[in-house]
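The block underneath contains the structure these notes are about, expressed in structure tokens.
We did not get these values from a lab; they are worked out from the coordinates using the rules stated. As the structure is a prediction and not an experimental result, all values here were calculated from the model. A quick note on method: Cβ atoms are made from the backbone with ideal geometry, for glycine too, and the neighbour counts reach across all protein chains shown.
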Amino acid sequence: MANNGRRSVKAKKGPTIGTGGHGRKALEGKGPTPKAEDRPYHKAHKNKQLAERSAAKRPGAARGTGARSGPKGRATEEVVTGRNSVVEALRAGIPAKALHVAIRIEMDDRVKESLKLAAERGIPLMETGKPELDRMTDDAIHQGLVLQIPPYDYQDAYELAEETLASWKRGHVANAPLFVALDGITDPRNLGAIIRSVSAFSGHGVIVPERRSVGVTASAWKTSAGAAVRVPVARAANLNNTLKAFKNMGIYVLGLDGDGDVSLPDLSLAKEPVCIVVGSEGKGLSRLVRENCDQIVSIPIDSAMESLNASMAVGISLYEVSRQRAAK
């Protein structure tokens, strides 16, 4: 039979079970089974989150303290947790906003003393449930006691220097302005010890950078042994710019370093307005800070000792400056 030039076309069969690629995604499966710590419903996931929160706490903070962050990561409120830490903070006279005590807390000598010290200082006592204490401390071990520390009220570094210079020129301050600036120091105990030395040798303030630097924490308060009440701590938005401004104001900038060009006993600028800059024990002064110093001063030490702790170096330097100023 003629087909009039047309080719016969066989109808295609429809997809059959197991062919045609339908259900390919289902056949591929969901990949390897996630680790237990990556499954939101698993206990290991919660433990991982707790560990990450603990690790994210501010570096250098003392054991038993933590900070809650505000805008741009700046600490807005600090808490001291645990019975030993709280009672020690209260004994040291650290400023406190409130003492939170767990409901139906089991009393011991530390709790009793904490309540007594807080009452004597007029610190509000707040009876707080455990869930709220856990939230305040990011699930740290608090033993039913949490002390809230208000943010430290930092002065402006330039304003502090300007006011001190003006007071000195008017005769309201006996000694020439004497400041200590910190470059890359992150340990609050170092800051506390430096504040204490500045107070002991009639210094006028401590300058700390806003970034990558220690702040006045509960640990710093405690180490200062109360000197933080008497010695102002000022913040510098940019330490190098602040040091340049100090030099323009007539304040000599002296950097402490083991490879200094002037030995501390030979220092001739002690009686002038001075800002002593100290770097971290490991890295020392940063390059730019070093370049902005009028002199680099070294402390003579035994060759067997590579370097001194930052707070110790500051204490020795302040003593020498004070000694030279007294020898009029």
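Amide H to amide H distances under 5 Å link Ile276 with Phe179, Val180, Ala181, Leu254, where only residues 5 or more positions off or on other chains count and H is placed in the peptide plane.
Counting Lys and Arg as +1 and Asp and Glu as -1 over every other residue whose Cβ lies under 12 Å from the Cβ of Leu285, the net charge comes to -2. Roughly what % antiparallel, to the nearest 5, for the DSSP beta bridges in the range 190-328? Bridges in the range 190-328 are about 5 percent antiparallel. Rounded to the nearest Hz, the phi-derived 3J(HN,Hα) couplings of the range 168-175 under the Karplus curve 6.51 cos²θ - 1.76 cosθ + 1.60 (θ = phi - 60°) are 5, 5, 7, x, 7, 10, 5, 9, where x marks glycine and proline. Under 5 Å between amide hydrogens, built in the peptide plane, is the criterion, and for Tyr152 it picks out nothing among residues at least 5 positions away or on other chains. For the range 93-103, 3J(HN,Hα) computed residue by residue from phi via the Karplus equation (6.51, -1.76, 1.60; θ = phi - 60°) reads x, 5, x, 9, 8, 6, 10, 9, 10, 5, 5 Hz, glycine and proline entered as x. What the Cβ-Cβ distance of Lys97 and Ala200 gives, at R0 = 45 Å and to the nearest 0.05, is a FRET efficiency of 0.95. For the range 262-328 versus the range 72-151, the spacing of their alpha-carbon centroids is 39 Å.
Work through the residues other than Pro232 whose Cβ is under 15 Å from its Cβ and net out their charges, Lys, Arg +1 and Asp, Glu -1. Cβ neighbours under 15 Å give a net charge of -2.
Backbone geometry of the range 249-255 corresponds, through the Karplus equation with coefficients 6.51, -1.76 and 1.60 at θ = phi - 60°, to 3J(HN,Hα) couplings of 7, x, 9, 7, 9, 10, x Hz, x marking Gly and Pro. The Cβ shell under 13 Å around Leu160 holds other residues with a net charge of -4, Lys and Arg each +1, Asp and Glu each -1.
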